[in-house]
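Structure first, then comments.
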C-alpha cells in the first residue's frame with residue numbers, strides 16, 4: 001500500500017531540494033530519516049518534516065508498520081515564483097526570483113528493503129583479468145593497470 005505526504009509552497013528552490021530527495025529515494029524510512037537528520041542543507045529540514053508526516057500518515061491512516069516502509073518516490077516540483085524588483089544603476093531595475101517548490105514523498109511497503117553495499121569493497125573477481133608472464137605464472141591485474149611484461153615491451157619499443 002502506498003502512503004504520501006506533500007509539503008506545498010516550501011520556500012526553497014527546487015534545484016536545491018532535489019539534491020537531498022535523490023539521496024533518499026529507495027532507502028528504508030529509518031535510513032532516510034538518519035540521512036536527512038545529519039545533512040547540513042536547509043532542504044533537509046523541510047524534507048524531514050514531510051517524511052515524518054508521511055510516516056505518521058502510514059501509521060495512523062493506513063495501519064502500516066514503520067519497519068517495513070521504503071521511500072518509493074521523493075519528488076520536488078516547481079511552485080509559484082515571486083518576482084521582486086531591485087534597483088540598479090542609472091535608474092534601471094532587475095528582477096529577483098524567489099522560487100518555491102512542492103515536495104512530495106511516497107512511502108510503500110510493497111518494495112523489498114535492499115541494503116546498499118559499503119563503498120570501497122569489491123566483489124570477488126570484479127573485472128580482474130589474468131595475464132601470463134614468460135615464466136608461466138599467472139598474475140591478476142586490474143583492468144586499467146598494465147602487467148610488468150607490457151610495461152617492459154613499451155619501454156623496448158621506445
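The values are calculated or read from the model by the stated rules, or taken from the named source; none is laboratory data. This structure is a prediction, so every number in the text was calculated from the model and none was measured. A quick note on method: Cβ atoms are made from the backbone with ideal geometry, for glycine too, and the neighbour counts reach across all protein chains shown.
What to note about this one:
- Only listed residue being surrounded by fewer than 15 Cβ atoms within 10 Å (Cβ to Cβ), modelled with pLDDT of 95 or more, over 22 Å from the mean Cα position of the chain (by Cα) and not in a loop (DSSP other than H, G, I, E, B), chosen from 8, 83: 83
- Of the residues making up the stretch 97-114, just one is assigned to a strand (DSSP E or B) and either surrounded by fewer than 11 Cβ atoms within 10 Å (Cβ to Cβ) or out of contact with any strand residue (DSSP E or B) (no Cβ under 6 Å at 6 or more places or on another chain) (or both), namely 97.
- Check on residue 54, surrounded by fewer than 16 Cβ atoms within 10 Å (Cβ to Cβ), in contact (Cβ under 8 Å) with a residue 12 or more places away in the chain and either under 19 Å from residue 6 (Cα atoms) or over 14 Å from the mean Cα position of the chain (by Cα) (or both): no
- Residues located in the stretch 51-80, provided they are part of a strand (DSSP E or B) and either out of contact with any helix residue (DSSP H, G or I) (no Cβ under 8 Å at 6 or more places or on another chain) or within 20 Å of residue 27 (Cβ to Cβ) (or both): 70, 71, 72, 73, 74, 75, 76
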